[in-house]
Amino acid sequence: MFTKLDPWNITETEFPLTGTITEKLKFLLNYAVLAPSSHNTQPWCFKVENEAIYLEADRTRALPITDPQGRELIISCGTALFNLRMALHHFGYAGRVVTFPEPSNLDLLACIQLGDVTKVNPDDNLLFEAIKRRHTNRRDFDDWDIPQSLLSWLKQDAILEGAWLHISLHGNSVRNAVAELVIQGDRLQMADPNFRRELAAWIHKSDSQSHDGIPIYAFGVDKHLDFATPIFALVMRNFDLGDAIANHSRQLLERSPAIAVLGTEGDTPADWLAAGQALQRILLRGQAIGFTASFFNQPIEVPQLRSKLVNLIYKSGYPQIILRLGFGSQLAATPRRAVEEVTKREKLADSYELYVPGKGIDDCKDI
């Protein structure tokens with residue numbers, strides 16, 4: 001019987017080395033579904049057809065209050081796409097991808113094929129090996145500084161995916177100002193009953209059959225208190241806890257070695273998809289070299305604060321994600337839907353036929 005943590009137990013020895021292209025592609029999706037997403041909504045769906053994977057945004061899993069433009073939804077899909085790229089490379093394929101292959105359908109985010117057989121890149125292998133170990137850490141970090149050389153590495157990772165990364169360390173006035181924006185964002189969002197209802201709707205017990213959402217232990221609450229999850233969600237839904245949450249955010253940020261803002265030059269769906277891939281490269285890099293992260297996107301989700309954030313960090317373009325970075329204990333995995341739950345079975349629209357192998361393939365790029 002399927003359990004909510006089964007997707008995390010995938011092993012590479014199960015790869016169908018002598019199987020068909022379709023069988024190989026379906027297997028690679030086991031790594032795509034382990035990507036992070038806003039509220040753990042997992043807003044992606046896949047279609048394996050014509051020896052290709054088609055990645056689509058699942059708008060039924062949108063967050064209309066928190067994310068009315070679907071910006072974070074597409075960023076989340078970008079993290080799944082990056083996992084898929086690293087899985088392709090690990091199993092010896094260059095990968096061929098075209099993003100937004102159908103201009104009239106911006107929910108069709110990418111067409112992915114195996115591409116040529118290639119030698120395994122050691123760095124890509126390093127990132128692949130981190131996929132199953134990467135978990136968002138919402139607890140206190142240890143009081144250890146991150147070496148500057150590693151932070152520079154993260155900035156280069158962002159650039160490789162078409163994004164930029166601004167990092168602030170302890171004692172930096174910009175860092176303190178960013179933290180204050182996070183705190184303002186907490187209070188503004190929690191004062192909105194619609195926001196609270198949306199958040200509460202994605203707080204699930206650990207044995208939820210939906211295989212998504214945020215279990216109570218992901219907030220740092222003892223897993224033995226899982227029975228109290230409905231009460232926790234009820235309180236979140238009905239009471240403005242803005243001051244308490246803001247104070248908690250302040251404590252976490254004060255104890256974090258670094259606060260990072262990930263951004264892009266533009267603010268289009270293509271930029272959001274690139275930001276998602278940059279985000280996952282950074283998160284996997286951190287996991288691979290021993291540190292972890294969690295999200296503080298409140299100033300980006302509140303429009304009037306996002307413009308203030310741009311002025312603070314003196315970067316051209318648009319901030320997309322705020323991370324705190326540091327060293328901490330490993331946390332338990334959060335649930336993921338299995339490949340079977342995120343795979344579409346109906347035939348693709350005829351307009352997609354342009355992107356099957358041998359048709360329009362010059363639009364793809366090696367990754």
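The values are calculated or read from the model by the stated rules, or taken from the named source; none is laboratory data. Only a predicted model underlies this, so the values are computations on that prediction, with no experimental measurement involved. Please note: Cβ atoms are built from the backbone with ideal geometry, for glycine as well, and neighbour counts cover all protein chains shown. Side chains included, ligands, DNA and RNA excluded: accessible areas come from the protein's heavy atoms. Shrake-Rupley method; radii C 1.70, N 1.55, O 1.52, S 1.80 Å.
This table checks each residue for (1) of a type in the set (S, T, N, Q); (2) open to solvent by less than 30 Å² (accessible area, probe 1.4 Å); (3) within 30 Å of Q189 (Cβ to Cβ); (4) in contact with a Cys (Cβ under 6 Å, 6 or more places away or on another chain).
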{"residue": "T20", "(1), (2), (3), (4)": "yes, no, no, no"}
{"residue": "L28", "(1), (2), (3), (4)": "no, yes, no, no"}
{"residue": "Y31", "(1), (2), (3), (4)": "no, yes, no, no"}
{"residue": "C45", "(1), (2), (3), (4)": "no, yes, yes, no"}
{"residue": "R61", "(1), (2), (3), (4)": "no, no, yes, no"}
{"residue": "G70", "(1), (2), (3), (4)": "no, yes, yes, no"}
{"residue": "G95", "(1), (2), (3), (4)": "no, yes, no, no"}
{"residue": "V98", "(1), (2), (3), (4)": "no, yes, no, yes"}
{"residue": "L106", "(1), (2), (3), (4)": "no, no, yes, no"}
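Being closer than 23 Å to L63 by Cα, under 17 Å from the mean Cα position of the chain (by Cα), assigned to a strand (DSSP E or B) and not β-branched (V, I, T) is a condition met by at least one residue of the range 282-293. Going by the conditions given, is E180 without any contact (Cβ under 8 Å) to a residue 12 or more places away in the chain, open to solvent by 70 Å² or more (accessible area, probe 1.4 Å) and within 24 Å of P319 (Cβ to Cβ)? Taking the combined requirement at face value, the residue satisfies it. Selection of the range 111-170 for residues being loosely packed, with under 14 Cβ neighbours inside 10 Å, in a loop (DSSP other than H, G, I, E, B) and aliphatic (A, V, I, L, M) yields only V120. In the set L305, L331, L348, L312, only one residue is modelled with pLDDT under 95, part of a helix (DSSP H, G or I) and either over 16 Å from the mean Cα position of the chain (by Cα) or within 17 Å of H166 (Cβ to Cβ) (or both); that residue is L312.
Is there any pair with a first residue in the range 5-23 that is modelled with pLDDT of 95 or more and a second that is among the charged types (D, E, K, R) whose Cβ atoms are under 6 Å apart and which are 6 or more apart or on different chains, and what are they? Sorted first by the residue in the range 5-23, then by its partner, the pairs are P16/E23; P16/K24; I21/E51.
So for the range 273-288 (the condition being touching a residue at least 24 places away in the same chain (Cβ under 8 Å) and farther than 30 Å from N9 by Cβ), does at least one residue qualify?
Quick first cut of the range 273-288, residues touching a residue at least 24 places away in the same chain (Cβ under 8 Å) only: 273-288.
Next, only the ones that are farther than 30 Å from N9 by Cβ stay: 274.
So far as the range 273-288 goes, yes, one or more of its residues are touching a residue at least 24 places away in the same chain (Cβ under 8 Å) and farther than 30 Å from N9 by Cβ.
Just wondering, is there one or more residues in the range 252-262 that are in contact with a helix residue (DSSP H, G or I) (Cβ under 7 Å, 6 or more places away or on another chain) and part of a helix (DSSP H, G or I)? The answer is yes; a qualifying residue exists.
Among residues belonging to the range 261-312 that are within 24 Å of W44 (Cα to Cα) and basic (K, R), point out the one that is surrounded by the fewest Cβ atoms within 10 Å (Cβ to Cβ). Selected residue: R285. Would you be able to tell me the number of residues in the range 62-79 that are assigned to a helix (DSSP H, G or I) and touching a residue at least 60 places away in the same chain (Cβ under 8 Å)? Number of matching residues: 8.
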